[in-house]
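Okay, structure first, notes after.
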Ligand code: ADP
């Protein structure tokens, strides 16, 4: 489908409502991960460009934060309609720019449209509450106010969705935003959002987008963190980068929302429906060629079901269609870049060298890495320790789901988890003991909806995305009191 709509675009920054090249005039090539072709050139921004974007957002704040709710609501409803109307173009762009296949592109688009429609309602969210006071004659209020400029740093893997949620909640609450998409997704994670919201009527300066060449994120990120005009930063990406940003944010006493890596378990109990368990595991491990932060990375199976599950799961994995992301039949498309492919290859080979067995896949097919199932992976293998962003999953037999929970909790990460069991009450009891920000019982771990409290525990992050929760992250609460009569003081 997308092949019929070849997609190319040159992109620039978007600052103060204007499409703007980098101050230095530099650009970098935006390449297709599938074909390697240059899709266009993007602005290679730097600290100076970032300062300009921050200034634009700062100047836009007084007007946007006081814009009437009906007007704010209309912008987001318009944007949802525009995005829907451009569906074919958006799906083609996601395939071309990020190697995203038809299914996951439609998941992203559906999320983004719902996100905008739900955000429209935030304009009418109550702005605070009245609080009882023991001081006679005093009326006390907790008043929620937008903070000012919010910075957003987003990754490439679900570029549309993750940039969308990084900007939409903050904007809908009356903040202005500087968005830095991934260097791998300057269009679908940046320019596209600016186009849509600008066309929908968002005033100039409320959303600004800065792009940069590979390897040059640091200058943009550091400028966002150091600027006293930027009041919050939200970041979605890997734990090592999030940790670096949080350390710097600490120095500036800047609040950050971090949504970081996962090492997500899927636990299959012996009483699970085998067909459902296999279907769920195939989807949860291999959607978007395993490049979703929520993907199942480790599957623990209670011993009585282990052989049957593992055999069927590996056979299904081995048959998954691999190749061009523009072909709707493809399940496993290209890995985002050569570096990521090499990392997958190295980690699988390291695990095999330490005694792991390959039940499916296990050899790169550039630019793809086929669905790969490993077993007997020792704990010291890198793939057992840290998030490996790709279609590789480890299967392990356990004596009980409780043992699986203990094994699953034995990691620094805690994003998503899932349990498949014939006894959903046992599933809920196990969920309570899992150290994860998100747990699904009788489902696989890859789920998201704009209103849900999305986020991790431990080294998977701080804070929650989710429109109902955005106000906690992107507003300041002011305690205000008012008296209509003089008060008697003791001296
Ligand atoms: P991923 O593996 O998903 O690319 P990263 O954490 O490397 O995870 O990247 C996520 C986002 O963080 C991207 O937008 C990337 O450009 C950005 N990023 C990477 N390094 C830095 C940095 N030093 N400062 C700010 N942003 C960064």
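The values are calculated or read from the model by the stated rules, or taken from the named source; none is laboratory data. Please read these numbers as outputs of a predicted model, since none were measured by experiment. When we count neighbours, we look across all protein chains shown, and the Cβ atoms used for this are built from the backbone with ideal geometry, even at glycine.
Restricting the range 274-288 to residues that are buried (at least 24 other Cβ atoms within 10 Å of the Cβ) and in contact with a helix residue (DSSP H, G or I) (Cβ under 9 Å, 6 or more places away or on another chain), the residue that is farthest from residue 424 (Cα to Cα) is 288. Determine if the range 316-325 includes at least one residue that is in contact (Cβ under 8 Å) with a residue 24 or more places away in the chain, touching a strand residue (DSSP E or B) at 6+ places or on another chain (Cβ under 6 Å) and in a helix (DSSP H, G or I). Looking for residues that are in contact (Cβ under 8 Å) with a residue 24 or more places away in the chain, touching a strand residue (DSSP E or B) at 6+ places or on another chain (Cβ under 6 Å) and in a helix (DSSP H, G or I), one finds at least one in the range 316-325, hence yes.
Here residue 193 passes the criteria (1) closer than 28 Å to residue 250 by Cα; (2) part of a helix (DSSP H, G or I); (3) without any contact (Cβ under 8 Å) to a residue 60 or more places away in the chain; (4) away from the ligand (no atom under 13 Å from the Cβ) except the one numbered (1).
A single entry from 405, 377, 393 fulfils the requirement of being assigned to a loop (DSSP other than H, G, I, E, B) and closer than 24 Å to residue 459 by Cβ: 377.
Residue 184 meets all of the listed conditions (1) within 8 Å of the ligand (Cβ to nearest atom); (2) part of a helix (DSSP H, G or I) but one, namely (2). Scanning the range 150-169 turns up at least one residue that is within 16 Å of the ligand (Cβ to nearest atom), more than 13 Å from the chain's Cα centre (by Cα), surrounded by 24 or more Cβ atoms within 10 Å (Cβ to Cβ) and not in a loop (DSSP other than H, G, I, E, B). Would you check if there is a residue in the range 346-367 being touching a residue at least 60 places away in the same chain (Cβ under 8 Å) and either more than 16 Å from the ligand (Cβ to nearest atom) or crowded, with 18+ Cβ neighbours inside 10 Å (or both)? The answer is yes, given that some residue of the range 346-367 is touching a residue at least 60 places away in the same chain (Cβ under 8 Å) and either more than 16 Å from the ligand (Cβ to nearest atom) or crowded, with 18+ Cβ neighbours inside 10 Å (or both). Within the range 229-258, restricting attention to residues that are more than 10 Å from the ligand (Cβ to nearest atom), over 18 Å from the mean Cα position of the chain (by Cα) and not in a strand (DSSP E or B), which residue is surrounded by the fewest Cβ atoms within 10 Å (Cβ to Cβ)? This residue is 253. Quick check on the range 53-70: of everything there that is without any contact (Cβ under 8 Å) to a residue 60 or more places away in the chain and in a helix (DSSP H, G or I), which residue is nearest to residue 17 (Cα to Cα)? Per the criteria, the residue is 62.
Inspection of the range 215-228 finds a residue satisfying the criterion of being at pLDDT 95 or above, within 21 Å of the chain's Cα centre (by Cα), at positive phi and surrounded by fewer than 22 Cβ atoms within 10 Å (Cβ to Cβ).
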